[in-house]
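The values are calculated or read from the model by the stated rules, or taken from the named source; none is laboratory data. As the structure is a computational prediction, the values presented were derived from the model and not from experiment. Cβ coordinates were reconstructed from backbone atoms using ideal geometry, including for glycine residues, and neighbour counts include every protein chain displayed. Calculation scope for accessible area: heavy atoms of the full protein, side chains included, ligands and nucleic acids excluded. Shrake-Rupley method; radii C 1.70, N 1.55, O 1.52, S 1.80 Å.
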Amino acid sequence: MKIKINNKGFALAEILAVTLVMMVIFTVLYSNFMPLSGEYAKSKNYNDISSQYELHYFRKLFQEYITDETLYQQVSSELETNKYILLIGQDSNSSEKSCDSLTGTNQNICINLKTILNPTLILTNYNISQLKSELRQDTNKLLALRTYILSLPDYNDRDSQQEIYRLIIKTDSGYANVKLKYEKDDIPKIDTKNATEFVQANVGQNGLEQITHTINNTLQVDSRFKTEYRYRGGNVSNYVTFNNEIWRIIGIIPTEDASGNVENRFKIIKDTSIGNKKWNETSSNNWTTSTLNTYLNNEYYNTLSTNAQNMIGTTKYYLGGYNNSNMTSDIMWQYERKNESNKTGYYYGTNPIMQNSANKKIAIMYASDYGYAAPKTCSNNLYDYSSSTNCKTTNNWLDKGTSTWLLSQYSGNSSRVFLASLSSYVGNNDVIYEYAIRPTLTLSSNVKISGGNGTTSSPYQLTL
């Protein structure tokens, strides 16, 4: 007998199986396509070519955040706590940032870009899930970037051999973000030089010359101060960028800080005057109580950028002088440093022989500083500089042709101090008159030269 097989059941099963498979396929496609579609829509709304290019410029400027190992450690610590670092812009929970973490040319470029593009820029972890969680909890954080960040995916990376970060920016053009990598083996080696290393590489060039002092027991200084290096003459390459301004390097000078440590450090002076001011409002040539000293270390100091303030070292200032300037720079240098046992004739009355305060970092140049800016061929006494072309104007880089106050006191009476006169010689006058002021300071020992060649077109760049 022939048995009939019912194929209808098998056909129904096959249809159900195929339908199930198709549903699975469509479900997978839908679950993957819709987020991609959403991301595309968000990308179209937020990211544009202009903002990507603008972020590229800032990425170049802030590359040091992931190539400098010390900064890398600081970044890692701060991101662990705050989830992001505000590089430029303003956040409700942070003070205004304006390229503060950059120095030199990079900072100047950054400030110009900030003026043009009006950016908010942050550095955060590569995977932004924690940052997004922070923004959901605190709706006042990063108002300019909040919506954009919340729209981004939670980026993941499987390469555990490197640290990865992300820059996120908003400009007037739009939004953009970019990945950054920290790989220790690929850190660029920047040829930075501290003061001693700089001397070794540059002495005998561009006007930097060695000076040797005579040291004896009448001075506050000892043999550690015997040798220093100064820029001398008119044709010198000693321009340096400090506080986003042009300053000049007086020299590399053994300097004693407030704690008594003596180290070779860069001594610098502002290239131009900050205006005419009195040395003191009262007729006293005691620098420690003078109004100019107070102004420089309070009001003026507070105008400096945070980065510049961090570069200034504490310095012991010597306050000696004499009752005339008929002497060479070498002799004036010794008179400025006479000790307590030998102070008679070099200080007026009970004036202190030094200022050694951690809160008083800025001063003005010594009479000997002005004198040493002339070349070795200048053999005149300071009072006679105006009578020799070897000692003034184009042969003395500190001679600006204007009367400028000096730090050294005139010991003949209580009310006079020395000044570099508009005729190029070192004279003296009453402290209540107003003359040009050029702030002078010594950088901390950990400040290094990181670029430039000291010319007006390429000033030396400083870094901590």
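Just a yes or no: is a residue in the stretch 329-345 in contact with a strand residue (DSSP E or B) (Cβ under 9 Å, 6 or more places away or on another chain), within 30 Å of residue 101 (Cα to Cα) and small (Gly, Ala, Ser)? No, the stretch 329-345 has no match at all.
Scanning the stretch 411-438 for residues that are of a type in the set (Val, Ile, Thr) and in a loop (DSSP other than H, G, I, E, B), we see that the one that is surrounded by the fewest Cβ atoms within 10 Å (Cβ to Cβ) is 432.
Against the criterion of being among the hydrophobic types (A, V, I, L, M, F, W, C), surrounded by fewer than 19 Cβ atoms within 10 Å (Cβ to Cβ), over 20 Å from residue 310 (Cβ atoms) and touching a Lys or Arg at 6+ places or on another chain (Cβ under 7 Å), residue 274 does not qualify. Tell me whether the stretch 324-346 contains one or more residues that are under 16 Å from residue 287 (Cα atoms), open to solvent by 50 Å² or more (accessible area, probe 1.4 Å) and not in a helix (DSSP H, G or I). Among the residues of the stretch 324-346, not one is under 16 Å from residue 287 (Cα atoms), open to solvent by 50 Å² or more (accessible area, probe 1.4 Å) and not in a helix (DSSP H, G or I), which makes the answer no. Within the stretch 442-454, if we keep just the residues that are in a loop (DSSP other than H, G, I, E, B) and open to solvent by less than 40 Å² (accessible area, probe 1.4 Å), the residue that is farthest from residue 318 (Cα to Cα) turns out to be 454. Put simply, of 218, 315, 212, 241 the only residue that is in contact (Cβ under 8 Å) with a residue 60 or more places away in the chain and surrounded by fewer than 19 Cβ atoms within 10 Å (Cβ to Cβ) is 218.
Residue 356 - would you say it is over 25 Å from residue 435 (Cα atoms), under 35 Å from the mean Cα position of the chain (by Cα) and surrounded by 14 or more Cβ atoms within 10 Å (Cβ to Cβ)? Even if it seems obvious, please write down each step before you answer.
Numbers: over 25 Å from residue 435 (Cα atoms): yes; under 35 Å from the mean Cα position of the chain (by Cα): yes; surrounded by 14 or more Cβ atoms within 10 Å (Cβ to Cβ): yes.
Yes.
Which of the residues belonging to the stretch 374-392 are in a loop (DSSP other than H, G, I, E, B) and within 18 Å of residue 422 (Cβ to Cβ)?
The answer is 374, 380, 388, 389, 391, 392.
For the stretch 375-390, check the following and say yes or no: at least one residue is acidic (Asp, Glu) and either buried (at least 18 other Cβ atoms within 10 Å of the Cβ) or within 25 Å of residue 314 (Cα to Cα) (or both). Within the stretch 375-390 (the criterion being acidic (Asp, Glu) and either buried (at least 18 other Cβ atoms within 10 Å of the Cβ) or within 25 Å of residue 314 (Cα to Cα) (or both)), the answer is no, since none of the residues qualifies.
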